[in-house]
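**Student:** My questions will all concern the structure given below.
The values are calculated or read from the model by the stated rules, or taken from the named source; none is laboratory data. Values in this document were obtained by computation on a predicted structure and should not be read as measured data. Cβ placement follows ideal geometry from the backbone for every residue including glycine, while neighbour counts extend to all protein chains displayed.
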Amino acid sequence: MELSWSTFILEIINFLVLVWVLKHFFYQPVLDVIARRRASVEKTMADAKALEAKAEQLRQQYEGRVQEWNAERQQARDALSRDLEKERDRRMATLKGELEQARDKVRAAEENRRAVANRAAEASALEHGARFATRILEQAAGPELEARLIELFLDELSQLPEEKLQSMHRQQVNAPATISVTTAYPIPEQKRARLLEAIKAVSGSNQSPQFRTDRELIAGIQVLLGAWILAANVRDELKGFREFEHDG
C-alpha cells in the first residue's frame, strides 16, 4: 500500500477541521457547562457553609438563650422561694401573735375567773364573818362593852389633830350647832361628866349636849357636832364592815 501524501494531508486537514469543530462546537460548551456546574456547586457549597454558619450562630444563640432562660428561671425560682419564705415568716409571726393574744385572753379570762371566784369567796367569808360578828357582838353587847367603847372614844378625842379641832371650833363660833350624844345604854354620871369635859374641849363651846339612848347602836356612842359625826359603836363598825364587803 503506497502512502498518498495528498490523502495524508487531507486526513490531517480533516482531523484539524474535526478538532476545530469539536473545540468550537462541543469542547467549549462542555467547558462552559462544567464551569457553570462547578460555579453552581461552589455556590451551593458556599450557601451550605453560610447556612451551616447561620445554623451554628442560631445554635449558639439558642444555647445562650436557653442558658439565659435557665438563669432567669432559677432567679425567678429563687425570688419565688424568698417571697414564699418571707410570706411564711410573716404568716408564722402573725399566727404567733394571734396565738399569744389568744393565750393572753385565756390567761386574762382565767385570772379574771379566779379573781371573781376569790372575790366571791372573800365576799362569802366576809358576809359570814359579818353575820357571825353581829351575832357575837349582839350577844356580848351590854353596859360593860359600851363603857369600854366610850373609853376608847374618849382616848380618840384626846388625840384628834389640831387642824380638825380648829375646824370644829370655827364651826361652833360661826354657826353654833346643837350637840347630840347618843348611846345604847344610859351613861353613868361619872362618865357623863368626863364626856362633857371632852366634848367641850373638842367643840370649843360651853353648850351642854343633848343625851339620848338608841338600842340600834347595840353598844357604844355617837356624837353629832354640827356637820361632824364622832362615833365609836358596834352598829357603825358593823356597817363599815358590810360596806367593805360590798366594795371588795
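**Student:** Kindly list the number of the only condition in (1) under 30 Å from V116 (Cβ atoms); (2) polar (S, T, N, Q); (3) at pLDDT 85 or above that fails for T182.
**Tutor:** T182 satisfies every listed condition except (1).
**Student:** Given the options E42, E111, name the one that is under 60 Å from the mean Cα position of the chain (by Cα), surrounded by 10 or more Cβ atoms within 10 Å (Cβ to Cβ) and free of Cβ contacts under 8 Å to residues at least 60 places away in the same chain.
**Tutor:** Just a single option satisfies the conditions, and that option is E111.
**Student:** L160 versus (1) surrounded by fewer than 19 Cβ atoms within 10 Å (Cβ to Cβ); (2) within 22 Å of E144 (Cα to Cα): which is the lone unmet condition?
**Tutor:** (2)
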